[in-house]
Ligand code: SF4
C-alpha cells in the first residue's frame, strides 16, 4: 500500500488530521449497541442504523477484513446546535469523495464509516431495502458497535463528554482500506 498517495488524497480534500491504525485497534463492544437501542432517537428510524445493520459480532468480523484503517478527526464549535446536522452532512459528502478517490487508486475494498448518522436525505425511509440514496448511504462507526471513545484515545486523539453546546466537538470518521 502506497500510503503517501492516499495521504495526498486526504489532505487535498481538506482532511489533514488523521491517524493510521490496524483493525485490531478498533474497540467493538455490545454496550455500544445497547446505547443505540436505549437512548438514541435514530434507532429503528434511520436505514443506516440498528436494527438495519448486522449484529455486533458480524460487524467485528467485517472490520477484521481490513488491514489498514484511517481515523479522521474533525472539530467544530456551534453557537446554534441546530447547525450541526448540515455540517455533519457536508463532512460526510467530502469523505464519500475521498472514498471514491481511494477506490479509483486501486483499493477496491475501501469502505467509509460516516462521522454521524446518515443524513443524505431530508427524511430517512428507515428501511435498508427502501433507502432513497444507497450509493451515498453509509453507517456511522457507533452503529457498527465501535466504541469511539476507547478507539480514538488508543490512537492518541482527544475526546471527552461535552457538557454543553458551547464546547468544541471532536468528531471521528473511519476509512477501511486493504
Ligand atoms: S440515504 Fe437517505 S434513506 Fe438511505 S439511510 Fe441515508 S438518510 Fe436514510
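The numbers here are math on the coordinates, done by the rules we state, and not lab data. Predicted, not measured: the structure shown is a model, and the values here were computed from it. Glycine also receives a Cβ, built like all others from the backbone with ideal geometry; neighbour counts cover every protein chain displayed.
Normalised by residue number, the volume inside the convex hull of the Cα atoms of the chain is 115 Å³ per residue.
Considering helices alone, the calculated mean residue ellipticity of the chain at 222 nm is -9000 deg cm²/dmol, with DSSP H runs of length four and up weighted by -39500 (n - 2.57) and normalised per residue.
A simple spin-label model places pseudo-atoms 7 Å from Cα toward Cβ; at residue 83 and residue 136 they are separated by 2.2 nm.
So how far, in whole Å, is the C-alpha centre of the range 101-127 from the one of the range 10-70? Cα centroid to Cα centroid, the span is 12 Å. Quick check for you: which residues of the range 155-169 have the amide N under 18 Å from the point 7 Å beyond the Cα of residue 27 toward its beta carbon? Answer for this model: 155-162.
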